[in-house]
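Only the coordinates and a few stated rules stand behind these numbers; no lab work does. Just so you know, these numbers come straight off a predicted model, no measurement behind them. Cβ: placed from backbone, ideal geometry, glycine included. Neighbour counts: every protein chain shown.
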């Protein structure tokens, strides 16, 4: 064997023992790609599992959402009047985007069959609507207000509608107002609490009343007597004078004091007083 041929075989010339060594080195250099591919595959499977779990949770909520709508009539009732509830969705995507635990809780707490409202509550709501309409037509919304509370429907009549300042003598305008409200109140079977309130200005030395308590009670009693005169059942009426103890606003301005001087007619829900 000649020397050039020996050198070629020793240092990896063609046909020598160097060729297998080069192939082995190339194979070892590609092993990191296999490890990298395995890691990417595992990450892909992991995110697919996460997506599947989240999608399953949404499906459960959607199923509960649809079951609630099948149980309830789709419209809640308060005092036998409509209250807006969760609207029927137009498709699965809209359902999932609008569905939240809060909306489910709202459906549970607010929605009830329309037949669940007692007849007393239906008459109470009707009376509240009629009184609100009367106040609007006669432009009395600034001096009177109808609100729904946990006790029932509260009709707040400002002092300027009923009495002169510091007096329990009903004005002609106040008598006309009570005369027009009495037919509506007669149709309500609920009890009615007549409640008088004043501001925190002390009673003057010339007043026939010793305190704001007496003045507020006298005003409530005057309203009660007038309502019975116009046909409201006395057995359904009661009166209370709170004086300055339960103001609507702090007695820090003349306007707030005027708003605190009032008489409330509270149409009570069953079990309230």
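Approximating the spin labels as points 7 Å out from Cα along Cα→Cβ, the residue 40-to-residue 251 distance works out to 8.0 nm. Site pair residue 186 and residue 200 shows an inter-label distance of 4.3 nm when each label is modelled 7 Å from Cα along Cα→Cβ.
Peptides 132-144, 153-165, 199-211 ranked from most to least packed by the mean count of surrounding Cβ atoms within 10 Å: 153-165, 132-144, 199-211. Gyration tensor analysis over the Cα atoms of the range 119-268 returns equivalent ellipsoid semi-axes of 25, 16, 14 Å (largest first, whole Å).
What is the distance, in nm, between label points placed 7 Å from the Cα along the Cα-to-Cβ direction at residue 238 and at residue 50? For residue 238 paired with residue 50, the spin-label model returns 6.2 nm.
Fully extended, how many nm does the chain gain between residue 32 and residue 228 (0.36 nm per residue separation, minus their Cα-Cα distance)?
So the extension gain works out to 60.9 nm.
Ranked by the mean number of other Cβ atoms within 10 Å per residue, highest first, peptides 241-248, 212-219 order as 212-219, 241-248.
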